[in-house]
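Structure, as structure tokens:
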Amino acid sequence: MTARFASTAFGLKTRVAQRGIRAVDRSLRTGERLDPEMAARRQHTATMDLVRYAFDTTPFYRDRYREAGINRRDLFDPDIFESLPVVRKADLRERQGDFLAEGVPPSRRLTSATGGSTGVPVALLHDRRAPVAAMWWRVYRWWGIEPWEDMAFIHRERRTAATQRREALEWWPSRHLVLDSRAMSPASMEQFHETWTEVMPRLLNGYIGGVHEFASYVFEHSLSIHAPHAIGVTSAPITPSQRTFIESVLGAPVYDQYRTAEVPWIAAQCSERSALHVLSDLRTLEITDDDWKPVPPGTLGNVVITDLCNRVFPLIRYEIGDLTSIIDEPCACGMSLTRIAPISGRISDVLRLPSGLSVAGGLNALFNARPDAVRQFQIHQRADYTIALRYVKGDSADAESAVADAAERLAVIVEHAVPVILEPVEFIAHDRGKARTVVCDVAAPVAS
Ligand SMILES: [Zn+2]
């Protein structure tokens, strides 16, 4: 299929079937080059509109704000936002139902496909009307990739066959190949490489751990690979040596992006590949001290995020458990969207098996089906390959059996190749507010 055919076919299809996305795409293109003051005003208006909506439609925000002495009329005070109480992961777990906005039809609810990124299972709902497609069109455009081009992904494959068919139509004529990060083996990587050679994707996007594993596989087997135009990585900070290795093996620049289960598509690097631009016309991101007051640019602090696109399950001043700082200098790319330094509080999550098989990413979702079974959990692989599932038991009556089920799922994920043991604990230590879901003490294979 030629690039011109793909571009034309995609253009025709979206004019007919995806007019909404095209309209959002146009407004995002204008929005990212607005005068910064105008952009800040628009963001503030949208944020306070959401705050009042949440107060009017959800028991959680009504109760929480009233407890803090904040009444509805206070929500018209332009300076009130920074004083609003933050939302914690524990709030999502304990008062989940109270976050649901009244009057929103259930058909608009979209179940979160992944678990929390910090070892605390959360169950929240997304808004089907959120312009997620326009968000990835935008970020990929920054990397020189158009939505009709062929793409490869290394992430957790969680879609049903029916969803895969529906999405294939939605993406047509772009082909999307997926390597499931939960079970990366020499065989699955060989298959992926074969399809890659046939499709020649322009983009590779995936978990940093998985992308690094695939690059190591290509390197160790001295395979030739058709270089993509761009490589996106997510879910953990990338070290300079990982970046250099991936770029030299796969032959394309690596771009960092910041995405979470709770708020998808938060920020990404632009063509300059320095700071990350926040999608600040769609998310309000603050960096705060431990009292949740904003810190000056350049100061490391907590990421507190407000999703301007979720009216099903509003998230306002949500403390997501990551750390970074605001960068207060304009970007050479010309976009005025807020800039942040790469996230410094996230970690790569890979388990290693004696066979050389590794499991990257997706392990956060272990308790998705039963978020009430544990208050916290951590998967700790010891140097002898044994995996300890550490957990702080939740309140539900059958918590123990739900934990045993999760351990069994974990054993299946690692193909029963190593022992999985249960380790109940009183608490799991945080690393500056950031719990690590996966800790692996098995040394990584030497790749260079
Ligand atoms: Zn830029």
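Each value in this text was obtained by applying a stated rule to the coordinates, not by laboratory testing. The structure displayed is predicted, hence computed values, not measured ones. Please note: Cβ atoms are built from the backbone with ideal geometry, for glycine as well, and neighbour counts cover all protein chains shown.
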(request) Would you be so kind as to identify all helices of the chain, as entire DSSP H runs, whose Cα atoms reach 20 Å or more along the helix's own axis and whose mean Kyte-Doolittle hydropathy is at least -1.0? (result) 3-17, 36-57, 399-413
(request) Return a single number: how many Lys pairs in the chain, at a sequence separation of 8 or more or on separate chains, have alpha-carbon atoms below 20 angstrom apart. (result) 5
(message) If each residue of separation counts as 0.36 nm, what is the full-extension length gain between ALA40 and THR197 once their alpha-carbon separation is subtracted?
(response) 52.0 nm
(request) Order by neighbour count: THR160, THR47, THR58, fewest other Cβ atoms within 10 Å first, most last. (result) THR160, THR47, THR58
(message) Amide H of PHE153 versus every other amide H placed in the peptide plane: which residues, excluding those fewer than 5 positions away on the same chain, fall under 5 Å?
(response) LEU177, VAL178, LEU179, ASN205
(request) Please report how far the C-alpha centroid of the range 1-63 lies from that of the range 310-342, rounded to the nearest whole angstrom. (result) 16
(message) Please list, ordered by chain and number, the residues whose modelled amide H lies under 5 Å from the amide H of GLN376; skip anything fewer than 5 residues away on the same chain.
(response) VAL392
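To the nearest 20 debye, what is the magnitude of the charge dipole of the chain about its Cα centre, counting +1 on the Cβ of each Lys and Arg and -1 on the Cβ of each Asp and Glu?
Dipole of the chain, to the nearest 20 debye: 1380 debye.
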(request) Return the percentage of antiparallel bridges among DSSP beta bridges fully within the chain, rounded to the nearest 5 %. (result) 55
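At 1.567 mPa s and 4 °C, plugging the Kirkwood radius over alpha-carbon pairs of the chain into Stokes-Einstein gives what diffusion coefficient in µm²/s?
56
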(request) Obtain the nm distance between the two label points defined at ALA332 and ASN71 by a simple spin-label model: each point lies 7 Å from its Cα along the Cα-to-C-beta direction. (result) 5.5
(request) Hey, can you grab everything whose amide H is under 5 Å from the amide H of ILE320? Only 5+ residues off in sequence or another chain; H modelled, so Pro and N-termini drop out. (result) VAL303, ILE305
(message) What distance in nm separates the two pseudo spin-label positions at SER107 and SER396, each 7 Å out from Cα along the beta-carbon direction?
(response) 3.0
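Within a Cβ distance under 15 Å of ALA230, other residues only, what is the Lys/Arg minus Asp/Glu net charge?
-1
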(request) Take the alpha carbon gyration tensor of the range 122-188, find the square roots of its eigenvalues, order them as a ≥ b ≥ c, and report rounded if a/c is under 1.5; if not, report prolate when a/b exceeds b/c, else oblate. (result) oblate
(request) May I ask you to derive the FRET efficiency for THR57 and ASP384 from their Cβ-Cβ distance with R0 = 41 Å, giving the value to the nearest 0.05? (result) 0.20
